Amino acid sequence: MNSLRKYVAEFIGTFVLVFFACGTACVVGCSPNFGTGYLLTALAFGLVIVAMAYSIGNVSGCHINPAVSIAMLVSRKLSIVDFIGYIVAQFAGAIAGAAALMGILGVDSGLGANALYQEDIVMSLVIECILTFVFVLAILGVTSKPEYSSVAGVVIGLTLTLVHILGIAFTGTSVNPARSFGPALFLSVFGENPDALGNVWVFIVGPLVGGVLAALVYMFLAGGKKKDAE
């Protein structure tokens with residue numbers, strides 16, 4: 001039953017992320033040529049994390065992102081069974097969120113989907129890997145000590161805002177495979193962008209690699225710090 005609660009929490013959190021944050025991108029736009037909409041979109045992603053961290057964080061840890069979950073798996077803070085459960089819940093939540101957006105705004109809104117940077121697969125992978133690395137590294141650091149718990153949600157939310165401020169102009173900023181898959185699925189099936197689903201692997205692989213690298217680097221840094229203290 002406890003595991004089920006975690007999975008439901010992850011479903012809800014990812015649904016809220018896609019519905020509100022991707023929805024904001026649809027409504028206000030996220031072109032770097034229009035600063036207000038650009039910043040509002042970046043803030044929407046960060047504020048969702050803050051809201052969810054303080055509402056479902058005590059249930060599931062508020063990963064709502066497969067890149068975060070894989071980092072926790074590598075760090076041995078998440079079992080393989082829960083990892084699978086989290087991933088399924090996150091993708092299901094993202095799909096539900098994108099479906100709700102399509103029902104309200106229509107598929108022509110773009111649903112906040114990601115896109116390759118200058119049609120360059122390699123560069124897009126590198127960008128997503130770097131953005132996710134920074135985001136997940138911050139999560140691992142701020143959740144490493146109980147005394148940080150009161151500010152963890154704010155720090156994580158602000159970090160996600162930061163990576164969006166830079167990344168939106170390049171790929172729309174994924175750093176989250178589930179968040180990318182939901183909109184891409186409906187754009188490909190119901191919209192006029194069949195390439196959306198064909199390219200979504202970039203926004204799955206890039207963030208997952210970034211998450212794994214962040215976990216490995218943080219384990220090295222934290223291990224070295226512990227050794228120095230001893």
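Look through segment 25-45, keep the residues that are surrounded by 15 or more Cβ atoms within 10 Å (Cβ to Cβ) and among the aromatic types (Phe, Trp, Tyr), and return whichever of them is modelled with the lowest pLDDT.
TYR38
Which one of the conditions (1) surrounded by fewer than 19 Cβ atoms within 10 Å (Cβ to Cβ); (2) of a type in the set (S, T, N, Q); (3) touching a Ser or Thr at 6+ places or on another chain (Cβ under 8 Å) does ASN58 fail to meet, given that it meets all the rest?
All conditions pass for ASN58, except number (3).
Which residues, counting only those in segment 116-127, are under 21 Å from GLY211 (Cβ atoms) and either out of contact with any Phe, Trp or Tyr (no Cβ under 6 Å at 6 or more places or on another chain) or modelled with pLDDT under 95 (or both)?
Answer for segment 116-127, where residues must be under 21 Å from GLY211 (Cβ atoms) and either out of contact with any Phe, Trp or Tyr (no Cβ under 6 Å at 6 or more places or on another chain) or modelled with pLDDT under 95 (or both): LEU116, ILE121, VAL122, LEU125, VAL126.
Determine if segment 33-48 includes at least one residue that is outside any helix (DSSP H, G or I) and without any contact (Cβ under 8 Å) to a residue 40 or more places away in the chain.
Yes, because at least one residue in segment 33-48 is outside any helix (DSSP H, G or I) and without any contact (Cβ under 8 Å) to a residue 40 or more places away in the chain.
For residues that are free of Cβ contacts under 8 Å to residues at least 12 places away in the same chain and touching a helix residue (DSSP H, G or I) at 6+ places or on another chain (Cβ under 8 Å), scanning just segment 193-222, find the one that is nearest to VAL136 (Cα to Cα).
GLY198
Can you spot a residue in segment 1-14 that is under 17 Å from the mean Cα position of the chain (by Cα), of a type in the set (Phe, Trp, Tyr) and under 16 Å from GLY153 (Cβ atoms)?
The answer is no; no qualifying residue exists.
The values are calculated or read from the model by the stated rules, or taken from the named source; none is laboratory data. Only a predicted model underlies this, so the values are computations on that prediction, with no experimental measurement involved. A quick note on method: Cβ atoms are made from the backbone with ideal geometry, for glycine too, and the neighbour counts reach across all protein chains shown.
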